[in-house]
Amino acid sequence: MDIIKAPRGVRDVLPDESWKWAYVVETARKVADAFGYDEVHLPIFEHTELFSRGIGDSTDVVEKEMYTFKDRSGRSLTLRPELTASMVRCYLEHGMSKRVQPVKLWSVGPMFRYERPQKGRYRQFWQLDVEALGSGAPEVDLEIVTFAVYLFGTLGLSNLEVVVNSVGCPACRPVYREALKEYVGSNYDELCKTCQNRFERNPLRILDCKNEHCREIMKESPGMVGYLCDECSEHFQKVKEGMSLLGISYKEDKNLVRGLDYYTKTAFEVLSGELGAQNAVCGGGRYDNLAEAIGGPHVPGVGFAAGIERIVLTMEGQGCDFGRKPGIDVFVAIADDSARKAGLKLLYDIRRDKVSADMDYSGKSLSSQLKMASNKKAKLACILGSAEIQKGVVTVKDLASGLQEEVHQNSLMNHIKQYIVR
Ligand code: HAM
């Protein structure tokens, strides 16, 4: 019988990578604290309608990519393909409009989309999601973009490009939609099949097509900015002014529409050259009508999500630092059997002091234990035998230099701590 493997497009994050993820999430947590965002944990699956109504029936995500199943009572449930709709549901369900607005939340966890797997694109992937709910002020859009920029800056990423656009609102978008259809109509026969299907149902999605020929045609298409109503135009202006004020360089892209239907006004992405075709490290924007689409009152919101796999890939590509490398501080090695109990006790004394420590439980020779210590990337070995016990000392060996010295048991913890902060 063949060994059962993980399904296509999903991956195990092993210890040689998981510490990098932890660094990214810890950094995000610090930036979230600095910006005043609180962490929430949301369900992995939700009622299917939340996504079909929230994200939009004619989007690729809802049409082709959702993992939807019936539970045992016949209810249609979907593994979350993203977090924004869930965040808004959570806000509504818990009456958060009574709190100080905007309510600022962030979350991290796996999302699921049935996409064709490739570098940086998976069927289960992790997102850091940041949302500000309950305010329509352009300063909040600015805060969201800046959060993303500061996060990537703190992680040491460089050569990123912030791309912005405004996708308008239900007042001005229909006019633009018609102008776009008129332009596209005269090139209809040249469009790819998918875009021909999009023509009636969702013509704005043609702007997002990855087909080279469609992109060429759309280069000359009219842009939404020329059709924005006064309110959307002023809003966009203020967001851009804010970015200039904060020194955030950005590029305007008239064809940036994003793949989810809930966006209004600001849409933005942060792109990296490191990622090839899947070049968006993060994407986001404003979604003032999403709460109504899922049955709630008007709650404006803005946010972004960044893929952890893509952040880590970009950081690796740019040789960024991931903080402390994995490995333990201390390996307790036993020189002879009579020291085994004292060694076990020492191991837990060290661990209780929040210093990472390990030992061998299988009775290996001292030299094998020291090999094990280097495999575990320990900094120090604390060697304990009958001679040490008699003298009340521990032989402390620096595993990088090979130098060793006897340290009195009473001053051992101080010695270890001084050493490991070096
Ligand atoms: P999105 O652009 O669909 O937006 O996804 C955001 C980010 O998730 C992408 O920029 C990418 O880094 C990552 N991502 C998306 N799909 C995959 C995949 N298949 N494999 C690996 N990484 C992926 C949203 O999800 C919106 N909810 C963002 C948002 C929040 N808008 C407002 N608030």
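The values are calculated or read from the model by the stated rules, or taken from the named source; none is laboratory data. Keep in mind that this is a model prediction, so the values were computed, not measured. Every residue, glycine among them, receives a Cβ derived from its backbone with ideal geometry; neighbour counts consider all protein chains shown. The area values use the complete protein model at the heavy-atom level, side chains included, leaving out ligands, DNA and RNA. Shrake-Rupley method; radii C 1.70, N 1.55, O 1.52, S 1.80 Å.
Just one residue in the set Gly296, Gly303 is assigned to a loop (DSSP other than H, G, I, E, B), assigned by TED's automatic domain parsing to the domain that holds Pro102, open to solvent by less than 30 Å² (accessible area, probe 1.4 Å) and of a type outside the set (Phe, Trp, Tyr); that residue is Gly296. Of the residues screened, His47 is one that is more than 20 Å from Ile144 (Cα to Cα) and away from the ligand (no atom under 15 Å from the Cβ).
Taking the conditions exactly as written (farther than 29 Å from Val62 by Cα and crowded, with 23+ Cβ neighbours inside 10 Å), does Leu157 satisfy them or not? Show your work before the answer.
Working: farther than 29 Å from Val62 by Cα: yes; crowded, with 23+ Cβ neighbours inside 10 Å: no.
In short, no.
Out of the strands (runs of 3 or more DSSP E) lying entirely within the range 193-288, which hold 3 or more residues that are of a type in the set (S, T, N, Q) and within 16 Å of the ligand (Cβ to nearest atom)? Break it down stepwise before answering.
Working: elements: 250-252, 264-272, 280-286.
Those strands (runs of 3 or more DSSP E) span 264-272.
Can you tell me which residues in the range 117-139 are hydrophobic (A, V, I, L, M, F, W, C) and buried (at least 23 other Cβ atoms within 10 Å of the Cβ)?
Initially, the range 117-139 is screened for residues hydrophobic (A, V, I, L, M, F, W, C), giving 125-126, 128, 130, 132-133, 137.
Result: Leu128, Val130, Ala132, Leu133.
Can you find a residue in the range 69-78 that is more than 30 Å from Lys210 (Cβ to Cβ), in a loop (DSSP other than H, G, I, E, B) and in contact with a Phe, Trp or Tyr (Cβ under 9 Å, 6 or more places away or on another chain)? Taking every residue of the range 69-78 in turn, at least one turns out to be more than 30 Å from Lys210 (Cβ to Cβ), in a loop (DSSP other than H, G, I, E, B) and in contact with a Phe, Trp or Tyr (Cβ under 9 Å, 6 or more places away or on another chain).
Residues of the range 44-87 that are among the charged types (D, E, K, R), within 25 Å of Val299 (Cβ to Cβ) and open to solvent by 30 Å² or more (accessible area, probe 1.4 Å): Glu49, Arg53, Asp57. The set of residues in the range 107-116 being more than 8 Å from the ligand (Cβ to nearest atom) and either of a type in the set (S, T, N, Q) or open to solvent by 10 Å² or more (accessible area, probe 1.4 Å) (or both) consists of Ser107, Val108, Pro110, Phe112, Tyr114, Arg116. Close Cβ contacts (under 7 Å, 6 or more residues apart or on different chains) running from residues in the range 301-318 that are touching a residue at least 60 places away in the same chain (Cβ under 8 Å) and near the ligand (Cβ under 9 Å from one of its atoms) to residues that are of a type in the set (Asp, Glu) and in a strand (DSSP E or B) comprise Gly301/Glu131; Gly303/Asp129; Gly303/Glu131; Ala305/Asp129.
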